[in-house]
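The structure appears below as structure tokens.
The values are calculated or read from the model by the stated rules, or taken from the named source; none is laboratory data. Computed from a predicted structure; not experimentally measured. Cβ atoms come from the backbone with ideal geometry, glycine included; neighbour counts cover every protein chain shown. Each accessible area value is taken on the protein alone, full model and side chains, heavy atoms only, with ligands, DNA and RNA left out. Shrake-Rupley method; radii C 1.70, N 1.55, O 1.52, S 1.80 Å.
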Amino acid sequence: MRRNLTARFAASVALGVILTLGGAMAPGASQAVAATTQEQETQPNFLGFAGAYLAARTADVDNDTSRAIEFYGKALEFDPKNIEVKQRLMVALFSGGRFSEGAVLARELKDDPAVAQVSRLALMVEAISKREYRKAASLLDPDDSNPIDRLLNTLMKAWAQFGYGEGEAAIASIQALEGPPWYPVFIRYHAGAMAQAMGKKAEARKQFTDLIADPQSGAAAPDTYIRAVMALAGLEAREGNKRAALDALAAGEEFSPGYAPLAALQQRIESDGKPEPGVMTAQQGTAAVLFTLGSALNREGAEETVAVYLQFARTLDPQNAATLVILGGLTERLGKLEEAIKLYEAVPDTSPMRRVSELQLGLALADLGRNGEAKDHLKALIESDPRDIRSYLAYGSVLSQDKDYVEMALTYETAISVIGPVPTRNDWNLFFQAGIANERLKQWPKAEAHFKRALELYPDQPQVMNYLGYSWIDMNINLEEGMDLIRAAVDLRPNDGYIVDSLGWAHYRLGQYDDAVRELERAVELKPADPTINDHLGDAYWRVGRELEATFQWKRALSNEPPEDLLPEIERKLKEGLTDAANAVPATANGTEQGSEPAELEDGAGADKKSGLAPSETLKRQASLDTQTCKAAIATSSCNAEN
């Protein structure tokens, strides 16, 4: 990200934008002389609007919010009336958590059609925080044609009405909402939460129960569904209905197996604890609206909207653990790891979400390269609760980064023993990761057994089919079955560039070069910047006589920062081409019959042979991506069969 920012700054200079990195030397300027180049580069002084604006847009695109705010501010110094800059600055301030500064601009832009919704939403948040509920209720249009804004505005206004004492009318307005099939999960949760805040326990129980009884609707907003589960469990526990409370948690466990906050709440209820209600005030209610919608929208491409909603929720309810954890995960996904760690650390010690935040914190430390701290942190979490399977997954992912496959294998074997002799579909990933660790250790019989067990638990899991199928082909055994597995994986995930790459490279290993070119070209279209896939396509092009295109792909692989162990091989091919004739021999022609024992079993599947090095790297990278998926899922739902 930083490299892209620097490159774009250089492009700006080429366009005639003048940046000066230091001022005139003053009498005592020795300190400035001693400043590092990095410090100078991060403090540009702009000589005009264009430089500041382009730098701000670059930072904005790169999700560097603090830089974007700084540079938009500089641009406004040159052109104080520029509306577009004010719009972008306001949104950046909100997404960066600087609410009071953004609210100043919101008051100025509240009638600007381009940003009226977010401006007025911000002013409503400000009014709610000041308990100016009637003013807040007047700021948003509940009849907006956009279904998301209509839902948001209606729920926000209802909680404002609740704030000034018209709770009955507020609940009626929520229940009168009509819209898409995903509306009910929000309607039932907020009607139930408001009824509970009003002391209407029977109505609250009905709304939460109806929501929990409809898990398909809950799939549209998993975090809201789980909130309803925890709200109902807490309500029943406070009423002395321990059995009903535990039944509610059982429904949550079925919906999101292994979710740590549910386990924490269950422990509290089983020990006769009485959890506090989650939403009791108008501030908490409006914060819950912003959280429930923000978490439901939390996916690639919606980061800015989600950040604004969650930061608004945080303004209204600063200590809400769920908001802090989801916002931390979003911040981490945008590459702001230090900020994410601060958010995780802010989760209250008494919250059921605390353990989730600790897991996420450990993974963020690893992403910062502080793997020693990460491993110590996550290992301590395993020791504190050996039954929490997520801890093993988190710790195992860091061990995978460190290529400590011995400890990784031991970790997953321990986790498998913890779940007992009857694993469920949701446990497939433990066996998959154990298989990967053993495959890396060249313990193929163990690895194969784990992969097969993962497929028994989840027969159509595409990542397992891909890994097992390619491993067989790379070892020259079970060739037909291996190809069938990879093709099935591609059918299930036709837009997954890594799985398509496996199919193409499998064709290559079998000497089917025309087929290899077809599939690898598609893989490159899906993952154009992946060096290993570029390298594979180069090899396939060379085998079909398209040597100029092969050279282009190898050069492209080099420019995309290939793994260190792949770099010398690509450089050699650029000098010599594919000169090793053995690489061109189909796997079925190397002296091993299909279905027999592998010719070089002691080397393991995907061992670092010239023909096996790159595909092994693809499988390792794909397994790493699967682990990343589970890392993100720790904040919301389990690493279950749907991942």
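If you check ALA489 against the conditions, is it part of a helix (DSSP H, G or I) and either open to solvent by less than 10 Å² (accessible area, probe 1.4 Å) or of a type in the set (A, V, I, L, M, F, W, C) (or both)?
On the way: part of a helix (DSSP H, G or I): yes; either open to solvent by less than 10 Å² (accessible area, probe 1.4 Å) or of a type in the set (A, V, I, L, M, F, W, C) (or both): yes.
So ALA489 passes the test.
Check whether at least one residue in the range 183-190 is under 27 Å from ASN298 (Cα atoms), basic (Lys, Arg) and within 28 Å of the chain's Cα centre (by Cα), and report yes or no. Quick ask: steps written out before the conclusion?
At the first step, the residues of the range 183-190 found to be under 27 Å from ASN298 (Cα atoms) are 183-190.
This time we only want the ones that are basic (Lys, Arg), so: 188.
Now drop any that are not within 28 Å of the chain's Cα centre (by Cα), which leaves 188.
Yes; the residues of the range 183-190 include at least one that is under 27 Å from ASN298 (Cα atoms), basic (Lys, Arg) and within 28 Å of the chain's Cα centre (by Cα).
Among what's in the range 384-414 and is open to solvent by 20 Å² or more (accessible area, probe 1.4 Å) and among the charged types (D, E, K, R), pick the residue that is farthest from HIS450 (Cα to Cα).
ASP385
State the number of residues belonging to the range 111-149 that are assigned to a loop (DSSP other than H, G, I, E, B), open to solvent by less than 50 Å² (accessible area, probe 1.4 Å) and closer than 19 Å to ASP317 by Cα. Before you say what the answer is, go through the steps one by one.
First, pick out the residues of the range 111-149 that are assigned to a loop (DSSP other than H, G, I, E, B): 111-115, 130-132, 138-146.
Keeping just the survivors that are open to solvent by less than 50 Å² (accessible area, probe 1.4 Å) gives 112, 115, 139-140, 142, 144.
Still in the list and also closer than 19 Å to ASP317 by Cα: none.
Number satisfying all stated conditions: 0.
Quick test for you: out of ARG268, ARG243, ARG299, pick the one residue that is open to solvent by 10 Å² or more (accessible area, probe 1.4 Å), without any contact (Cβ under 8 Å) to a residue 24 or more places away in the chain and more than 26 Å from the chain's Cα centre (by Cα).
Working: ARG268 fails: without any contact (Cβ under 8 Å) to a residue 24 or more places away in the chain; ARG299 fails: more than 26 Å from the chain's Cα centre (by Cα).
Sole residue among the options that is open to solvent by 10 Å² or more (accessible area, probe 1.4 Å), without any contact (Cβ under 8 Å) to a residue 24 or more places away in the chain and more than 26 Å from the chain's Cα centre (by Cα): ARG243.
Can you tell me how many residues within the range 507-539 are more than 24 Å from LEU574 (Cβ to Cβ) and touching a residue at least 60 places away in the same chain (Cβ under 8 Å)?
Residues flagged as more than 24 Å from LEU574 (Cβ to Cβ) and touching a residue at least 60 places away in the same chain (Cβ under 8 Å) within the range 507-539 amount to 2.
Kindly indicate the residue of the range 536-583 that is among the polar types (S, T, N, Q) and open to solvent by 50 Å² or more (accessible area, probe 1.4 Å) and also farthest from the chain's Cα centre (by Cα) among those meeting that condition. Write out each step before concluding.
In the first step, residues of the range 536-583 are kept if they are among the polar types (S, T, N, Q); the result is 551, 553, 559-560, 579, 583.
Then drop every residue that is not open to solvent by 50 Å² or more (accessible area, probe 1.4 Å), which leaves 559, 579.
On the way: SER559: 26, THR579: 42 Å.
Across the range 536-583, the extreme among qualifying residues is THR579.
Consider only pairs whose beta carbons are under 6 Å apart and that are at least six residues apart or on different chains; among these, list those whose first residue lies in the range 302-328 and is farther than 16 Å from ASP223 by Cβ and assigned to a helix (DSSP H, G or I) and whose second residue is small (Gly, Ala, Ser) and open to solvent by less than 10 Å² (accessible area, probe 1.4 Å).
LEU316/ALA287
Read through the list (1) touching a Leu at 6+ places or on another chain (Cβ under 8 Å); (2) touching a residue at least 40 places away in the same chain (Cβ under 8 Å), then give the number of the only condition that LYS157 fails.
Only one criterion is unmet by LYS157, namely (2).
Scan the range 492-535 for residues that are open to solvent by less than 10 Å² (accessible area, probe 1.4 Å) and small (Gly, Ala, Ser) and jot them down.
Residues satisfying the conditions are GLY497, SER502, GLY504, ALA506, ALA516, ALA523.
Quick one: ASN495 ticks every box in (1) under 20 Å from GLU519 (Cα atoms); (2) assigned to a helix (DSSP H, G or I) bar one, so which box is it?
Condition (2) is where ASN495 drops out.
Go through the range 408-465 and count every residue that is closer than 22 Å to ASP484 by Cβ, part of a helix (DSSP H, G or I) and among the polar types (S, T, N, Q).
Qualifying residue count, the range 408-465: 1.
Given the criterion of a type in the set (Ser, Thr, Tyr) and modelled with pLDDT under 95, identify the matching residue among THR551, THR579.
Numbers: THR551 fails: modelled with pLDDT under 95.
Among THR551, THR579, only THR579 is of a type in the set (Ser, Thr, Tyr) and modelled with pLDDT under 95.
Residue by residue, here is whether (1) in contact with an Asp or Glu (Cβ under 7 Å, 6 or more places away or on another chain); (2) of a type in the set (D, E, K, R); (3) more than 24 Å from THR323 (Cβ to Cβ) holds:
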{"site": "ALA103", "(1), (2), (3)": "yes, no, no"}
{"site": "LEU123", "(1), (2), (3)": "no, no, no"}
{"site": "ARG150", "(1), (2), (3)": "yes, yes, no"}
{"site": "GLN175", "(1), (2), (3)": "no, no, yes"}
{"site": "GLY179", "(1), (2), (3)": "no, no, yes"}
{"site": "GLY192", "(1), (2), (3)": "no, no, no"}
{"site": "MET198", "(1), (2), (3)": "no, no, no"}
{"site": "ALA202", "(1), (2), (3)": "no, no, yes"}
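Would you confirm whether any residue within the range 230-239 is open to solvent by 40 Å² or more (accessible area, probe 1.4 Å), within 26 Å of the chain's Cα centre (by Cα) and of a type outside the set (Phe, Trp, Tyr)?
Yes, there is a match, as at least one residue in the range 230-239 is open to solvent by 40 Å² or more (accessible area, probe 1.4 Å), within 26 Å of the chain's Cα centre (by Cα) and of a type outside the set (Phe, Trp, Tyr).
From LEU249, LEU290, which residue is open to solvent by less than 40 Å² (accessible area, probe 1.4 Å) and free of Cβ contacts under 8 Å to residues at least 24 places away in the same chain?
Answer to the selection: LEU249.
What is the one condition in (1) assigned to a loop (DSSP other than H, G, I, E, B); (2) surrounded by fewer than 24 Cβ atoms within 10 Å (Cβ to Cβ) that VAL347 does not satisfy?
VAL347 satisfies all of (1) assigned to a loop (DSSP other than H, G, I, E, B); (2) surrounded by fewer than 24 Cβ atoms within 10 Å (Cβ to Cβ) except (2).
Considering only the range 227-259, state which residues are among the small types (Gly, Ala, Ser) and part of a loop (DSSP other than H, G, I, E, B).
Within the range 227-259, the first condition is being among the small types (Gly, Ala, Ser), and the residues that meet it are 228, 231, 233-234, 237, 240, 244-245, 248, 250-252, 256, 258.
Selection gives GLY240, SER256, GLY258.
Just a yes or no: is a residue in the range 216-226 part of a loop (DSSP other than H, G, I, E, B), of a type in the set (A, V, I, L, M) and closer than 24 Å to GLU168 by Cβ?
Residues of the range 216-226 part of a loop (DSSP other than H, G, I, E, B): 219-221.
Within this subset, residues satisfying the condition of being of a type in the set (A, V, I, L, M) are 219-221.
Adding the requirement that they be closer than 24 Å to GLU168 by Cβ leaves none.
There is no residue in the range 216-226 that is part of a loop (DSSP other than H, G, I, E, B), of a type in the set (A, V, I, L, M) and closer than 24 Å to GLU168 by Cβ.
Please list, ordered by first then second residue, the pairs with beta carbon atoms under 9 Å, 6 or more apart or interchain, first in the range 427-445 and touching a residue at least 40 places away in the same chain (Cβ under 8 Å) and acidic (Asp, Glu), second surrounded by fewer than 24 Cβ atoms within 10 Å (Cβ to Cβ) and not in a helix (DSSP H, G or I).
Once the first residue is touching a residue at least 40 places away in the same chain (Cβ under 8 Å) and acidic (Asp, Glu) and sits in the range 427-445, its partners that are surrounded by fewer than 24 Cβ atoms within 10 Å (Cβ to Cβ) and not in a helix (DSSP H, G or I) give GLU439/GLY604.
Taking ARG425 and the conditions (1) in contact with a helix residue (DSSP H, G or I) (Cβ under 6 Å, 6 or more places away or on another chain); (2) within 30 Å of ALA322 (Cβ to Cβ); (3) at pLDDT 95 or above; (4) not small (Gly, Ala, Ser), which numbered condition does it fall short on, given that it satisfies the others?
(3)
Looking at the range 355-383 only, could you name the residues that are touching a residue at least 60 places away in the same chain (Cβ under 8 Å) and either under 16 Å from LEU399 (Cβ atoms) or open to solvent by 20 Å² or more (accessible area, probe 1.4 Å) (or both)?
Of all residues in the range 355-383, those touching a residue at least 60 places away in the same chain (Cβ under 8 Å) come to 355-356, 359-360, 363.
Matches in the range 355-383: ARG355, LEU359, LEU363.
Could you look through the range 91-110, keep only residues that are of a type outside the set (A, V, I, L, M) and assigned to a helix (DSSP H, G or I), and pick out the one that is nearest to the chain's Cα centre (by Cα)? Before the answer, list the steps.
Just the residues of the range 91-110 that are of a type outside the set (A, V, I, L, M), to begin with: 94-102, 107-108, 110.
So of that shortlist, the ones also assigned to a helix (DSSP H, G or I) come out as 94-95, 99-102, 107-108.
Working: PHE94: 21, SER95: 17, PHE99: 25, SER100: 28, GLU101: 29, GLY102: 27, ARG107: 34, GLU108: 35 Å.
Going through the qualifying residues, I end up with SER95.
Can you tell me which residue is most open to solvent (accessible area, probe 1.4 Å) among those in the range 441-486 that are among the hydroxyl-bearing types (Ser, Thr, Tyr) and out of contact with any Asp or Glu (no Cβ under 7 Å at 6 or more places or on another chain)? Full working, then the answer.
To start, the set of residues in the range 441-486 that are among the hydroxyl-bearing types (Ser, Thr, Tyr) comprises 458, 467, 470-471.
Checking the rest, the ones that are also out of contact with any Asp or Glu (no Cβ under 7 Å at 6 or more places or on another chain) come to 458, 467, 470.
Details: TYR458: 27, TYR467: 5, TYR470: 4 Å².
It comes out as TYR458.
Is it the case, given these coordinates, that GLY192 is among the small types (Gly, Ala, Ser) and over 24 Å from GLN360 (Cβ atoms)? Don't jump to the end; show me each part of the working.
Working: among the small types (Gly, Ala, Ser): yes; over 24 Å from GLN360 (Cβ atoms): yes.
It is true that GLY192 is among the small types (Gly, Ala, Ser) and over 24 Å from GLN360 (Cβ atoms).
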